[in-house]
There are 2 protein chains.
Amino acid sequence: MYEFTAPFQNPSGSPIRELFKYLGEPGMISFAGGYPASDLFDVDGLQQAAARAYQDPNCCLQYGPTDGLPRLKHELTNLMAHRGVPCALNEMLVTTGSQQGLDLLLRVLVSPGDVVLTEQPAYPATLQALKLQQARVVTVPVDAHGLDVDRLATLLASGTFARPKLLYTVPTFANPTGATITRERRIALLRLAVQYRFLIVEDDPYGDLRFSGDAVPSIISLAAEVEGSRDWVVHFASLSKIVAPGLRVGWTIAPAEITRRCVIAKQTVDLCSAPWTQAIAAEYLSDGALERHLPRITAMYGRKCEALCEALRSQFGDTLQFHRPEGGMFVWARIEGIDASALLQRAIDNKVMFVPGKAFFADRLDPASLRLSFAAPGIADIEEGAKRLRRAYDMAAADSV
Amino acid sequence: MYEFTAPFQNPSGSPIRELFKYLGEPGMISFAGGYPASDLFDVDGLQQAAARAYQDPNCCLQYGPTDGLPRLKHELTNLMAHRGVPCALNEMLVTTGSQQGLDLLLRVLVSPGDVVLTEQPAYPATLQALKLQQARVVTVPVDAHGLDVDRLATLLASGTFARPKLLYTVPTFANPTGATITRERRIALLRLAVQYRFLIVEDDPYGDLRFSGDAVPSIISLAAEVEGSRDWVVHFASLSKIVAPGLRVGWTIAPAEITRRCVIAKQTVDLCSAPWTQAIAAEYLSDGALERHLPRITAMYGRKCEALCEALRSQFGDTLQFHRPEGGMFVWARIEGIDASALLQRAIDNKVMFVPGKAFFADRLDPASLRLSFAAPGIADIEEGAKRLRRAYDMAAADSV
């Protein structure tokens, strides 16, 4: 009856959001979502920030500039400077979560059939956005040290595809693998971007959530070390994982020429992101509340990560393989010989959930992989969840005999 | 250096937002923006709603469902039922202002080259969105009784273009003309939609702001009177003009098959609109605050409209032609023989602003037309603004001798 555009003729929704229907089941323990822990929100600090923001009700209630409230942009440029990333106001755009930054960027840069590079495995909403934009996705494998930049160099030199528009990566505590690209690889990646003239799109929602190991500078901050490379980096950041997703405050740092076009796109997309939550975010940041909050949540996520890794080791021994991440929210695991989708069915029977790895692959999927998030459940639930996962595994193994 | 997609190779921003740079000038009186009056915001009522919403901090701070917070959708379905529009939950999508509803709908339905009908003159952000989607725009003229449906019937019968995907209209207190489509024309339009199988996209941000004349039912509510027509209506609504734009709360009512696809698009666009402001909106509506607020603002907008119309009549006599609207925020005017863009330059010199009509035309623009919004300035400023506009007109007339 209706004639839909090509990507919407028979579309499938987010494979992760599909699992949400099970979240409401009583007693369910979820390692599935990438949600931050609700009990770690700075409820009081945000309430105080909201009260201060409303002292200027008009700023909260009226339309705001498309590129973001000036007072928030001021705070965010300070935050980025603190992270070693000086940036101009016309390079920064406030977005409805960093997800919107990606959407705007793809609209401005990627035509149907254009080549886009992604790490593999990769964040499913990015894969979905690329599909809707009808990009040609070329995947680059990831190992324990993040994106395999040597492999990327080989691919680029092979001449088997057109000049790529961009490469999408979550270089620090990746979703889903938890891996962090080493400093050396970041420098090599910047050199490749300059040489082959593609944009590195650095999505950095988790960078502040380091609980062990040594900090690695962001790709955009390392651009200062590779001549001409800053023109080839776009950086996405967000308050969703470090403050609260309900603010829907993300931001993009990109060359001014690109930012200007993203602002024009945003004028027709939603005019502006909610000024009220932008004003709250600005007050929260100006108060120094984030600096006080971060050590508390990183310590807690560190304990949760340790609890999950210990529990998996204790329940599965060598049956389940994983690398322990140094930050973020995710453990990426493999159980040789299983199909994680079949395991999920048994897991749900046992009141535990995770995301089967196939959601994260654009091609050559690894059915034995799975993503476990330790962020949302409490320590006791993490331990119990690992036990249930073992029971589910035993049942799935029995099924397949 | 960068290769942008076709619509972004040399894009121009919103012609109205371009004017904002003058807003900060001391003493400027603006008839330009479509902003609601800041001094009419229900500052206390919204503060109370925000306090109640934060009694469930997790609902404000965590991610929410892509289609909207259930408690808000509950309130909005009640509101729509009160407006004579029963709708199911799977027909409703909460968006970041109704602007986002249009963006999602175009993505799902309009491919490059597809025919889209719009009233002319029309809302510029819609024209811009259609341009970015590379639609082929076919315009239908508007008169004092809204869209010229007879002319539309002739156009459709002419066979000079392919089956249109949709027709975009602001049928009640249109932006920019202030006109309202009559009941008879609405019924005729619904019949045409069924016959020619195109969607009527009814954008209704101002419908509640009636200060004189008799109510005309929305197109979607009249669909009950034309068999099969409800399948061909999409309705956009918003709290931006009746509560506060800073909430960024709009919603779409569309056939379930269309809504489902818009939800999938929204998953990749921004995951969800700000749950915090959604929760505030839900509390505000559940309290009955909107019903108490509306009579106050419609009375005030009525007085402002009257003040502008009287002042224009007194300053210009028959030189400036306009129809007095029965609601909304806009007066659409013509001054025979002038170029409104040249007039604007002189107006800015005299510290008064409006939007030249050309921004509202997709083709065959009328340079003598202009849009004046009476919503934001106070009564005294409206009267002074009209005097300044007359001075600007005299200067512009002298320029062109």
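The values are calculated or read from the model by the stated rules, or taken from the named source; none is laboratory data. All figures in this text were calculated on a predicted structure; none of them were measured in a lab. Ideal geometry is used to build each Cβ from the backbone, glycine not excepted, and the neighbour counts take in all protein chains shown.
Just one of the listed residues (B:Tyr2, B:Tyr35, B:Tyr63) is within 8 Å of chain A (Cβ to nearest Cβ), within 20 Å of the chain's Cα centre (by Cα) and part of a loop (DSSP other than H, G, I, E, B), and it is B:Tyr35. Out of the residues in the stretch B:5-29 that are part of a helix (DSSP H, G or I) and charged (D, E, K, R), which is nearest to the chain's Cα centre (by Cα)? Checking each candidate, the answer is B:Arg17.
Results for (1) closer than 30 Å to B:Gly246 by Cβ; (2) not in a helix (DSSP H, G or I), shown as yes or no for each residue.
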position: A:Gln278; (1), (2): yes, no
position: A:Ala281; (1), (2): yes, no
position: A:Leu290; (1), (2): yes, no
position: A:Leu294; (1), (2): yes, no
position: A:Met300; (1), (2): no, no
position: A:Cys305; (1), (2): no, no
position: A:Cys309; (1), (2): no, no
position: A:Arg313; (1), (2): no, no
position: A:Gln321; (1), (2): no, yes
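Listed by position, the strands (runs of 3 or more DSSP E) contained in the stretch A:176-268 that have at least 3 residues being within 14 Å of chain B (Cβ to nearest Cβ) and under 26 Å from A:Pro141 (Cα atoms) are A:199-203, A:233-238. Scanning the stretch A:77-103 for residues that are within 14 Å of chain B (Cβ to nearest Cβ), within 17 Å of A:Ile200 (Cβ to Cβ) and among the hydrophobic types (A, V, I, L, M, F, W, C) yields a single hit, A:Leu102. If you check B:Ala279, B:Ala362 for being among the small types (Gly, Ala, Ser) and at pLDDT 95 or above, only one passes: B:Ala279. Of the residues making up the stretch A:326-354, those that are buried (at least 18 other Cβ atoms within 10 Å of the Cβ) and over 30 Å from A:Pro205 (Cα atoms) are A:Ile338, A:Arg346, A:Asn350.
Every condition in (1) assigned by TED's automatic domain parsing to the domain that holds B:Ser240; (2) farther than 25 Å from B:Ala129 by Cα; (3) crowded, with 18+ Cβ neighbours inside 10 Å holds for B:Ile29 except the one numbered (1). Against the test of being of a type outside the set (D, E, K, R) and within 15 Å of A:Ala386 (Cβ to Cβ), the options A:Ile297, A:Ile335 yield a single qualifying residue, A:Ile335.
Taken over the stretch B:5-26, residues that are at the interface with chain A (Cβ under 9 Å from one of its Cβ atoms) and surrounded by 14 or more Cβ atoms within 10 Å (Cβ to Cβ) amount to 8.
Note on the stretch B:111-126: residues that are over 20 Å from the mean Cα position of the chain (by Cα) and part of a loop (DSSP other than H, G, I, E, B) total 4. For the stretch B:371-391, the condition of being out of contact with any Pro (no Cβ under 9 Å at 6 or more places or on another chain), surrounded by fewer than 16 Cβ atoms within 10 Å (Cβ to Cβ), in a loop (DSSP other than H, G, I, E, B) and not hydrophobic (A, V, I, L, M, F, W, C) holds for at least one residue. Of all the residues in the stretch B:127-148, those that are part of a loop (DSSP other than H, G, I, E, B), more than 14 Å from every other protein chain (Cβ to nearest Cβ) and of a type in the set (A, V, I, L, M, F, W, C) number 1. Looking only at residues of the stretch A:41-52 that are within 10 Å of chain B (Cβ to nearest Cβ) and not polar (S, T, N, Q), we find that the one that is surrounded by the most Cβ atoms within 10 Å (Cβ to Cβ) is A:Leu46. Is at least one residue of the stretch A:309-318 closer than 14 Å to A:Ala179 by Cα, assigned by TED's automatic domain parsing to the domain that holds A:Lys358 and buried (at least 20 other Cβ atoms within 10 Å of the Cβ)? For the stretch A:309-318, residues closer than 14 Å to A:Ala179 by Cα, assigned by TED's automatic domain parsing to the domain that holds A:Lys358 and buried (at least 20 other Cβ atoms within 10 Å of the Cβ): absent. Take the conditions within 14 Å of chain B (Cβ to nearest Cβ), touching a Leu at 6+ places or on another chain (Cβ under 6 Å), closer than 30 Å to B:Pro11 by Cα and not basic (Lys, Arg) and apply them to A:Ala281. Does it pass? Spelling it out, it is not the case that A:Ala281 is within 14 Å of chain B (Cβ to nearest Cβ), touching a Leu at 6+ places or on another chain (Cβ under 6 Å), closer than 30 Å to B:Pro11 by Cα and not basic (Lys, Arg).
Scanning the stretch B:178-199 for residues being at positive phi and either without any contact (Cβ under 8 Å) to a residue 24 or more places away in the chain or surrounded by 18 or more Cβ atoms within 10 Å (Cβ to Cβ) (or both) gives a total of 1.
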